[in-house]
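Here's the structure, in structure tokens; my notes come after.
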Amino acid sequence: MTEVRAATDEGRAGARAVRRDAAVRAAVEQGLLGPAAPVVGLLDVTGIRESAAALRAAFAEVTAAGTPVLHAFAVKACPLVPVLRLLREEGIGAEVASPGELALARAAGLPPERTVLDSPAKTPAELREALALGVALNADNPQELARIDALMRSAPSRSPLGIRVNPQVGGGAIASTSTSTATSKFGVALGDEGAREWIVRMFLERPWLTRLHSHTGSQGIPLELLARGVAETYALAEEINARIGRRQIDTLDIGGGLPVNFDSDAETPTYARYARVLREAVPGLFDGRYGLVTEFGRSLLAKHGTVVARVEYAKSAGGRPVAVTHAGVQVATRTVYAPQAWPLRITGYDTEGRPKAGPPVVQDVAGPACFSGDLLAEGRALPLLEQGDYAAALDTGAYYFAHHYSYNSLGRPGVYGFVTEGPEERGGTGFATVREPQRLEEIVAESGEAHTDALTTLCAPESH
């Protein structure tokens, strides 16, 4: 079975690369990418569907029949309405962390019962809206729970309600994505003095609290550490239910956090492997006594997106070739500012969008922003990129398309979903607009155009 899975995974990776090459070629041919549109995002619709199906199948394989399972996509990973709508079609809900993300989920048609609100800084208005809609809600801290108490007294809600805990099992390789450290800002720190007993008491006093939530981290977190975080949360649920004398906690939200392999087209680790690791570490989690919620984000989308940018100029500095492109810090902020933690694979395409051939040459792939560190890749061995070629940043389907950084007032690129049957000789490629390229008028409007004279006409109020 393992060998069959490996062969299937390898086949999917190969097919994804073929689809990507066909899409870049078609984008150039169809004018979505070129001198007038020098940077675009491409989303592989087939790949997204495959990942959603793999997630559902992985947990179905280890979970008792009839167990309610909600896979809620972490909207922050790709907050684009058509993407959320596609995932909804594939049986995936939404995990939101702001009023904006909740609005996006609602616009995509996600029903409240398939939506979860998590955030460390929810306002009273956000809490009130979630409770009125019936959206699942996890209280992050004692002060937030007190707010929920007041709202529940004034207007009881059908929302599933829980408490987020920090199991404090430690961090991974990237500090900024480790959420279960001793001093993490998220949740109630389970190991702090008096915290565990406080959590138990909150459940004893509130029959409407029925969930526990934890999220250990994401990129850079090994599977075993993720499983430890889930195990600590499960043990607490068992303790609370035993103290109460009934199964008050009926659902465990185990978060997401499956890391992504940014070194090749292979999808590793897989959802199937993670589900098996969880089953071995926390067998009681899957025996049907608890409903499950997951909150995967990056792992569902990353492999299925590509940012492609035209090489505007090819130059040399200090004997090293430099390809100056239109993709840099505005679309790859994490990579530019923290390249060791967030490296990206770069591949080259020629002026017609075909994979670039030639011997590898050590070169820099630079972005358009006006600071020297704006590099997609530094000292990377690639076929020499020349003026009019294209540089593609792979594995950028999550946290790259929709987290635009307006350095130099650079516009947001257009994003297009594609479906392709393969190379040109085997079939065609169809595109759908996911997000229009940002127009200059929109940049000006967002920068305060309606208030142009606000500062020059400002006067201090008269004193009385």
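The values are calculated or read from the model by the stated rules, or taken from the named source; none is laboratory data. A quick note: this is a predicted structure, and the numbers were derived from the prediction, not measured. Backbone-built Cβ (ideal geometry, glycine too); neighbour counts: all protein chains shown.
Brief remarks follow.
Here's the yes/no breakdown for (1) charged (D, E, K, R); (2) at pLDDT 95 or above; (3) under 22 Å from the mean Cα position of the chain (by Cα):
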position	(1), (2), (3)
411	no, yes, yes
418	no, yes, yes
423	no, no, no
439	yes, yes, no
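- Condition met for residue 86 (assigned by TED's automatic domain parsing to the domain that holds residue 216, touching a residue at least 60 places away in the same chain (Cβ under 8 Å) and under 21 Å from residue 415 (Cβ atoms)): yes
- A single entry from 41, 91 fulfils the requirement of being part of a strand (DSSP E or B) and touching a strand residue (DSSP E or B) at 6+ places or on another chain (Cβ under 8 Å): 41.
- So residue 31, is it of a type in the set (Gly, Ala, Ser), buried (at least 22 other Cβ atoms within 10 Å of the Cβ) and not in a helix (DSSP H, G or I): no
- The residue list 454, 432, 460 contains one member that is assigned to a loop (DSSP other than H, G, I, E, B), over 30 Å from residue 373 (Cα atoms), at pLDDT 95 or above and not β-branched (Val, Ile, Thr), which is 454.
- Test: residue in the stretch 118-125 that is surrounded by 15 or more Cβ atoms within 10 Å (Cβ to Cβ), at negative phi and not in a loop (DSSP other than H, G, I, E, B): no
- Verdict on residue 379 being surrounded by 14 or more Cβ atoms within 10 Å (Cβ to Cβ) and modelled with pLDDT of 95 or more: no
- Residue ID - farthest from residue 271 (Cα to Cα), chosen from residues in the stretch 64-88 that are out of contact with any strand residue (DSSP E or B) (no Cβ under 8 Å at 6 or more places or on another chain) and of a type in the set (A, V, I, L, M): 81
- Which numbered condition residue 372 fails, given (1) in a loop (DSSP other than H, G, I, E, B); (2) surrounded by 13 or more Cβ atoms within 10 Å (Cβ to Cβ); (3) polar (S, T, N, Q): (2)
- From the list 191, 170, 217, 256, the one residue that fits, being over 21 Å from residue 149 (Cα atoms) and modelled with pLDDT of 85 or more, is 256.
- Output for the stretch 10-27, where each listed residue is of a type in the set (Val, Ile, Thr) and crowded, with 21+ Cβ neighbours inside 10 Å: 24
- Positions within the stretch 376-402 being closer than 20 Å to residue 337 by Cα and either touching a Ser or Thr at 6+ places or on another chain (Cβ under 7 Å) or assigned to a strand (DSSP E or B) (or both), in sequence order: 376, 377, 378, 379, 380, 391, 392, 393, 394, 396
- Residue match in the stretch 98-115 (condition: buried (at least 24 other Cβ atoms within 10 Å of the Cβ) and outside any helix (DSSP H, G or I)): yes
- Residue check: residue 103 meets all listed conditions (1) over 30 Å from residue 265 (Cα atoms); (2) in contact with a Gly (Cβ under 9 Å, 6 or more places away or on another chain) but one, namely (2).
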